[in-house]
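The numbers here are math on the coordinates, done by the rules we state, and not lab data. Just so it is clear, the structure is predicted and the values come from calculations on it, not from any experiment. FYI the Cβ positions are ideal-geometry reconstructions off the backbone, even for glycines, and counts take in every protein chain you see.
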Amino acid sequence: MLNIITIDGPTASGKGTISKKLANKLNWKILDSGSIYRAISYMALKKNLSIFNIQEILLLIKDSKLIFKDSKIFLENVDISQKIRTEEIGSFASKISKFNNIRKVLIDYQRSFYTNTGLVADGRDMGTVVFPEAKLKIFLTANIEIRIKRRFNQLTKKGVSANLKNLAKSIKDRDLADINRSCSPLIIAKDAYVIDSSYIDSDKVTNYIFNIWMNRFCCIK
Ligand code: DC
């Protein structure tokens, strides 16, 4: 078993915030796997590719020069961390992520983020497919209305304009697509702890996960 805490769940369930807080608390590395799918989507959209150009997208992945540093993501030395956060990119990411050949080429890359120190990995299939040998698996969720509001606030805070109605539709469509795809769907790993973050703040959720880790898994080889 590996020193990994996986945090899977639907969009805007708090995965990103809680993963960062937990990684800081433990002094571990972090993998935001959604940002990989988003960065690929950013590259594809920049080249005017559509989800029907999967072979071209696969080539993009092969040739891409993505670098993760200090919680930022760089493409050819340009910081694209904020540019990939739009709902348009999230939606494209959800569409390309249903293809098995895309997911397959990304597995080793995602696994390469692991070091002995420890890793907090967030996404949709971290505990089920990418790191099934993780010691602690969390499935984080929150009710749909709260998730829509959270994403709306996140976007507007960053100065990204968002239309609440369109955002709600996109998030609901994305949930359905991520849950129902045949390849690595968003499901609860059988050995996962399920946490509903609807009415609990991120510090409390982080402490709750931290305590499970310290009490149950920290010293198990
Ligand atoms: O977590 P996010 O919203 O940044 O992810 C964007 C999309 O990427 C999500 O809707 C589906 C896809 N994704 C995935 O299929 N598997 C992952 N491990 C992470 C993200």
Fill in the blank from the handout: Residues meeting the amide H criterion for residue 121 (H placed from the backbone, H to H distance under 5 Å, 5 or more places apart or on another chain) are 5, 6, 7, 31
Completion exercise
Along the stretch 52-62, Karplus-curve 3J(HN,Hα) (6.51, -1.76, 1.60; θ = phi - 60°) to the nearest Hz, with x for Gly and Pro, reads 8, 9, 4, 4, 5, 5, 4, 5, 4, 4, 4
Problem - Unit charges on C-beta of K, R, D, E only; dipole of the stretch 64-221, Debye - result: 200
Exercise for the section: Report the relative contact order of the stretch 61-166, percent, no decimals, based on alpha-carbon pairs under 8 angstrom and at least 6 residues apart. Expected result: 13
Completion exercise
Counting Lys and Arg as +1 and Asp and Glu as -1 over every other residue whose Cβ sits under 11 Å from the Cβ of residue 54, the net charge comes to +1
Practice task
Treat every Asp and Glu Cβ in the stretch 1-107 as -1 and every Lys and Arg Cβ as +1, leave all other atoms uncharged, and give the resulting dipole magnitude about the Cα centre to the nearest 20 debye.
Solution key: 180
Exercise for the section: List the residues whose amide H sits under 5 Å from the amide H of residue 80, counting only those 5 or more places along or on another chain, with H placed 1.01 Å from N in the peptide plane. Expected result: 73, 74, 75
Problem - Theoretical gain in end-to-end length, residue 155 to residue 216 [0.36 nm per residue, Cα-Cα removed] - result: 18.3 nm
Practice task
Quote the charge dipole size of the stretch 81-129 about the Cα centre in Debye, to the nearest 20; the model charges only the Cβ of Lys and Arg (+1) and of Asp and Glu (-1).
Solution key: 140
